[in-house]
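All remarks here apply to the structure that follows.
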Amino acid sequence: MNTVHRLSAISASAAACLVIFMYAVTAISATTADSEGHACHDRPCIEIADRIFNAGTIIEGSVIRHDFTVRNKGGRSLKILEVRPGCGCTDVRFDKIIMPVSKGTIHVVFNSLNETGKQIKTIKISCNDRQNPAIQLKIIANVLDAVMLRPVDRIFFSAETGHGLKKTIEISRPDGKPLMLGPEKNMMPEEIKFVLKKKKNSYIAVFSINAEKPGIFRGRIILRTNLWQRPYIAIPVFARVYVHGKKYQ
């Protein structure tokens, strides 16, 4: 019985400690909340919960629009003094004044034309909250080229005189939709031949060389497309032809 009484006493003591602990945590939280509320009572207090927007993977030329929500937790009007994008590809519109305990928006438009690869666009905000006068927002996107050239986007030949070589580039759209190409300008030397072959939704550009004399040959082919984002494609070509046994001379 003594053991049972001791266990009961320990359990009661533990329960009492837990109640005291929970009361203390609640009191601290309430005090912190009151302190924060009091600190914002006589000033504007800006809050932007989500400062980064990830648009995921898009195709070049896509336009991304996003609204960042701005909250004024303070007791005075919040003034957005300036919203400055990091580049000309990003445009902004915003609420200049946000009343106490109210919300506003910063509307951001990102145009991905000529912006390929991983893009991180920053938007800097200046406001009259003396505790947070400057805030930075970000828009992130992985922008795919409107036209894909694989495995390379240029041709390099290194060949012996009298030995023919052939290389190819596949040209397609990243979304698999049909692509239309047409030769616009052939700026190749006569030693390098070019043929464009049509597949279902893509093209194969075939380059070949069979030079009889050594030398350096340069050129490019310019192709016209049906895409407004990329109306032309230029493929540069470089060839070095050498005599057998004299490759590095």
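Every read-out reported here was derived from the displayed coordinates using simple, explicitly stated rules and does not represent laboratory data. Keep in mind it's a predicted model, so treat the numbers as computed, not measured. Glycine gets a Cβ as well: all are built from the backbone with ideal geometry, and neighbour counts include every protein chain shown.
Quick look at the values:
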| quantity | calculated |
| --- | --- |
| Under 22 Å from the Cα of Lys118 - lysines, other chains or at least 8 residues apart | Lys138 |
| Cubic angstrom per residue, convex hull over Cα atoms of the stretch 46-144 | 75 Å³ |
| Electrostatic dipole magnitude of the stretch 166-217 [Cβ: Lys, Arg +1; Asp, Glu -1; Cα centre; debye, to 20] | 300 debye |
| Distance between modelled label sites at Val195 and Leu81, nm, 7 Å Cα→Cβ extension | 6.8 nm |
| FRET efficiency estimate (nearest 0.05) - Cβ-Cβ, Gln229 to Lys185, R0 22 angstrom | 0.65 |
| Residues whose placed amide H lies under 5 Å from that of Gly61, excluding near-sequence neighbours | Ser112, Leu113, Asn114, Glu115 |
| Dipole axis of the stretch 100-241 (+1 Lys, Arg; -1 Asp, Glu on Cβ), positive-most option in Gly162, Asn226, Gln131 | Gln131 |
| Sum of side-chain charges, Pro189 neighbourhood, beta-carbon under 15 Å (Lys, Arg +1; Asp, Glu -1) | +3 |
| Residue-count net charge about Leu165 - beta-carbon cut-off 12 Å; Lys, Arg +1, Asp, Glu -1 | +2 |
| Net charge dipole size for the stretch 46-144 [Lys, Arg +1 and Asp, Glu -1 on Cβ; Debye, nearest 20] | 380 debye |
